[in-house]
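Everything on this sheet refers to the single structure shown next.
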Amino acid sequence: MAIERSQISQDLADILNEMIEDWGVELDEPIGDSTTLVGDLEFSSIDIIHLVMAIEDHFEHPKMGFNDLLMEDGKYVQDLEVGKVVDFIGSKIKG
Amino acid sequence: MAVRTLFIGMDGATFTVLDHLTADRPGEGVVMPFLKKVMEEGARAKLRSTPNPLTPPAWVSLMTGRTPGHHGVFDFIRAEELGDDVYFTLYDARDVRTETIWSVASRAGMKVAALNFPFTAPPPKDLNGFMVPGFIPWKHLRRNTAPKEFYDRLKTIPDFDPKELAWDFDREKQSVEELSDEDREQWVRYHLPREMQWFKIADYLISEEAPELMAVMFDGVDKLQHQAWRFIDPELAANLTEPYELRMRELCVDYFKRLDGYLEKLVAAAGPDVQVFFASDHGFTTTWEVVRINAYLHEKGYLKWKDTSGTDADIRRDASMFANLDWQNTIAYCRTPSSNGINIRVSHKPGESGIHPDEYEDLRDRLIADLREFKDENGEPVITEIHKRETVFPGEAMEDAPDLLLVLRDRGFVSIKNKEPMLEQREEVAGTHHPDGIFIAYGPGVKQGVETARRNIVDVGSTLLYSVGLDVPSDFEGKVPEKMFEPEHLAKHPVHIGAATNAVGGSKNADDDIGEDEKDKIMEQLQMLGYME
């Protein structure tokens, strides 16, 4: 059964909140679709690797194909909005 | 509950150094008096590492009792050939294809603790006990600590500092950018508090939780030896005269003294009834030359360098030398310095770059012949051993191994830089991995003062399970070194071979690829460890 987008969004926010708990990142507003990983949450590239691990682990889907999300026209994206990650997860685990 | 077995890993520890530091010598005296006692009252053996004596495959073999062809971890970096491109990412615990001793012991109801072992993140879901992984940045310790609430308990340990405990990429990068004498000195100093952090967690767990199988790994030994080998190696250190050299020697000796103190305190905390084992993933020796293997393969026509446009990103990418090649015109290359391997690009679909599968054997034979011709100005071969992967990496994971594994005459790691000359003397000798690490047993039931024949790193997992009172899984490749134990002990506690390990999840694919910045960081880290020139 497909998971609702709102549930994915909440799960991802939980993962991110847990991840950044000790980082000292100050957020103006709660993590949402428009939050950016690099700009707002101060992610480095290794943090993205760990986020991928955490997402695949949480949704029990080890082969999500994150390069589809992380690469555009053969180059790695510079930043990523949480909403795009939510949509990506939804597209991979639907059905 | 009480600790039954204590395992202390020391990354890169080698008897050539430890024998020196446990001897009573003029000036320094006995640097490691506790280890001296352990070696005199325990049993020891050289421990043969994995075919490529490298941290990732070796520690995973130690933890799984299986060789790399079965457990599937061959390097820090995992690469996948995808048609006209190659994708790189990092290995992690999910890539380990065979069950670890932590999971085997947990399934048997044993409480375990494993601290600072590589490729234990993310931790196994079936863990009965505690795990704080090694080789990951501090920002990800919380999520990868098991159980999760244990991280908050760690914060109650006096002076606990995750930034001191974990790998700090930026700090290591800073150190590698300018390896001045001062930086090198700072590098040694940097590891003193790290080991204390791991010691404190281990000490805390022993006193608060007393896990039946307690294990901690100290990785500063390896790091110091890479960067400060000439101040540590007995032969090289005998010739130190300059004030800086003597200061560095003193700093390194101080590190080993402190380490000896941690070992003594942990063994004392575990109690007199505990069997204690010490092991390293590989030993150490001296490398004196740089072998630019991809430059050689380029000269022989196997690979083509990638054309770059000279942007900052290109320059950075080239400098990192993360196998930055024109993939469509490359048929054989070395991926990473730490792999010491050659990969052959095979086309699996019409139109893909690489050789046709039918050409594989002929190409590999030609490649071997060419590599044998890599000689110095005196006509001496630079590569002393060339192994086909089916010989050194047999198993279900063999297809992920390099097609050829090289052993250089000084046992160094190759360079993959686009730079001439292809063979060059190092300005200063450095530390590199030797296949013989250490294995020491100590405590009740262990023979006193004996040295047995060389063991294999896969024996350690079997030994730890035996020591803690469990059967050795039938699919473990390692054997319990019975000659290290007293006959009476063996009679009372015979070695039992039990059920095979459980299957674990397979490898990920290349989808969670890493960005350019991260590749650079990884390479900086590897450079820091001496895997790059």
**Complete:** Calc'd 3J(HN,Hα), the stretch B:71-79, phi into Karplus 6.51 cos²θ - 1.76 cosθ + 1.60 (θ = phi - 60°), Hz, glycine/Pro = x, comes to 7, x, 10, 10, 6, 6, 9, 9, 10
**Point-to-point label distance, residue B:452-residue B:41, nm (Cα→Cβ direction, 7 Å offset)** = 2.0
**Message:** Going 7 Å from the Cα of residue B:359 along its beta-carbon direction, which residues of the stretch B:373-399 have the amide nitrogen within less than 14 Å of the resulting point?
**Reply:** none
**Asked** How many nm is it between the label spots at residue A:6 and residue B:161, if each spot is 7 Å from the Cα in line with the beta carbon?
**Response** 4.6
**Prompt:** Taking the Cα atoms only, what angle lies between the long axis of helix B:516-528 and the longest principal axis of chain B, rounded to 10 degrees?
**Reply:** 60
**Request:** Counting other Cβ atoms within 10 Å, keep those with at most 11, restrict to DSSP loop, and tell me which trypsin sites (Lys or Arg not before Pro) in the stretch A:1-90 are left.
**Result:** none
**Item:** Helix-only CD estimate at 222 nm, as mean residue ellipticity for chain A, using -39500 (n - 2.57) per DSSP H run (n ≥ 4)
**Value:** -14500 deg cm²/dmol
**Request:** Rounded to the nearest 500, what is the 222 nm mean residue ellipticity of chain B from helices alone, with -39500 (n - 2.57) per DSSP H run of 4+ residues and division by all residues?
**Result:** -10500 deg cm²/dmol
**Request:** Please identify, among A:49, A:31, A:15, the residue showing maximal mean-square fluctuation in a Gaussian network model of chain A using a 10 angstrom Cα cutoff.
**Result:** A:49
**Item:** Assigned charges on the beta-carbon of Lys, Arg, Asp, Glu; the stretch B:1-146 dipole about Cα centre (debye)
**Value:** 660
**Complete:** quick note, the protein assembly as shown, DSSP beta bridge pairs, % antiparallel (nearest 5) is 60
**Item:** Exceeding the 26 Å Cα-Cα cut-off - candidates B:304/B:375; B:200/B:223; B:46/B:139
**Value:** B:46/B:139
**Fill in**
Site residue B:19, offset 7 angstrom along Cα→Cβ, radius 20 Å on amide nitrogen, limited to the stretch B:201-232, gives B:222, B:225, B:229-232
**Prompt:** Which of the listed residues, A:50, A:70, A:9, is farthest toward the dipole's positive end in chain A, when Lys, Arg count +1 and Asp, Glu count -1 at the beta-carbon?
**Reply:** A:70
**Message:** Between 0 and 90 degrees, rounded to the nearest ten: what's the tilt of helix B:181-208 against the longest Cα principal axis of chain B?
**Reply:** 40
**Request:** With everything on Cα atoms, drop me the angle between helix B:458-467 and the longest principal axis of chain B, reported from 0 to 90° to the nearest 10.
**Result:** 20
**Request:** Along Cα→Cβ, 7 Å out, is where each label goes; now give me the distance between the ones at residue B:265 and residue B:482 in nm to one decimal.
**Result:** 4.0
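Read-outs: derived from the displayed coordinates by stated rules, not from any lab. Treat the numbers as computed from the prediction; the structure is a model and nothing was measured. Positions of Cβ are backbone-derived with ideal geometry, glycine not excepted, and every protein chain shown enters the neighbour counts.
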